[in-house]
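The values are calculated or read from the model by the stated rules, or taken from the named source; none is laboratory data. All of these numbers come straight from a predicted model, not from anything done at the bench. Cβ placement follows ideal geometry from the backbone for every residue including glycine, while neighbour counts extend to all protein chains displayed. Ligands, DNA and RNA are stripped out before the accessible areas are found, and what is left, the full protein with its side chains, is counted by its heavy atoms. Shrake-Rupley method; radii C 1.70, N 1.55, O 1.52, S 1.80 Å.
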Amino acid sequence: MTRLRFASWNVNSLKVRLPQVLDWLERSGTDALVMQETKLTDDAFPVEAFSEAGFDAAFTGQKTYNGVALVTRRKSFLKPESVELALPGWADDQKRFVSALLHPAAGGESVRFCGAYFPNGQVPGGSKYLYKLDWIAVLERHLRELFSENSRLILGGDFNIAPADADVWNPAEWTDKILCSAPERAALKRLLGLGLSDSFRLFAQPAASFSWWDYRRSGFEKNHGLRIDLLLVSDALRGQVQEASIDTRPRGNAQPSDHAPVQIVLEV
């Protein structure tokens, strides 16, 4: 069996934080990473920098907003196959989804690794909120299709949904607000109902464990955060997850992302 580390990180501008990402990949020993908010057009994506660090990259982006990428360590995986750079059947210019079929270099069964940047939604009931719920419904439909091809699936990303009150620093303050509203959480539960588990909750975890903190009002220093970055694993992989964690160290960098990377170790 081989132990492989999968991770997700909203980098909030890869142009600004490329050195931090490369350093973290090396220090953490991550084998596959999905990123959100790369905020780069495809011609500006740093393919060469990742290649020199030993990674293959699949990406789709746009200027200023959104953008997702998936990078895989060549020592750990063969070149990704069946790469997807959009949600099928969703006519939209926003770059929010990437996935690929990954084959461990040491042998063993393949894993479909998906990365998603869920819409924020802005305000419950508004047009962007309805867009968010529609987008999740399309994602749910596509995941059903992917499951029919390969039951070994991981969905990582910035979900822009805190699954439960335990994932919120002040639940009373966030009640019915964006990221914590009942319809958003219900949409997430429908995704879990496909046969997915929130990997972080497969293990005992410290209280007040968060992955995002507002830049304002000393959110990180006070640990006033939310856990909105998730790695969901399919039932076929659940028993192979050895650990799940949030690495808060990069949030203490100079000019950090407002998100911390989340990670799992999988025995495949």
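Structure notes:
- Cα-based reach from Lys189 at 28 Å (exclusive), listing lysines while leaving out same-chain residues under 8 positions away: Lys95, Lys128, Lys132, Lys177
- Of the accessible area of the chain, computed with a 1.4 Å probe over protein heavy atoms only, carbon and sulfur atoms account for 50 percent.
- Scanning the chain for trypsin sites (Lys or Arg not before Pro) that sit in a DSSP loop and have at most 16 other Cβ atoms within 10 Å, the longest stretch containing none of them is 76-176.
- For the chain, the relative contact order comes to 20 percent (Cα pairs under 8 Å, sequence separation of at least 6).
- Accessible area of the chain divided out per residue, in Å², using a probe of 1.4 angstrom: 43
- Within the chain, longest stretch free of exposed chymotrypsin sites (Phe, Trp or Tyr not before Pro) [DSSP loop, at most 14 other beta carbons within 10 Å]: 66-202
- C-alpha center-to-center spacing [the range 174-243, the range 92-127] in angstrom: 16
- Dipole size of the range 109-268 about its Cα centre, with +1 on Lys/Arg Cβ and -1 on Asp/Glu Cβ: approximately 240 debye, rounded to the nearest 20.
- Taking only the Cα atoms of the range 1-84, the ratio Rg/Rh comes out at 0.95, with Rh defined as the Kirkwood radius.
- If R0 is taken as 25 Å, the Cβ-Cβ distance between Glu48 and Gln255 corresponds to a FRET efficiency of 0.65.
- Value of relative contact order over the range 1-73, rounded to a whole percent, pairs C-alpha under 8 Å and six or more apart: 32
- Stokes-Einstein, applied to the Kirkwood radius of the range 34-176 over Cα pairs at a viscosity of 1.306 mPa s and 10 °C, places its translational diffusion at 96 µm² s⁻¹.
- Tail fraction, Cα-Cα pairs, the range 199-268, threshold 16 Å, whole percent: 49
- Helices assigned as whole DSSP H runs in the chain whose Cα atoms extend at least 24 Å along their own long axis and whose mean Kyte-Doolittle hydropathy is -1.0 or higher are found at 127-149.
- Take every pair of alpha-carbon atoms less than 8 Å apart whose residues are at least six positions apart; their mean separation over the length of the range 49-173 yields a relative contact order of 19 percent.
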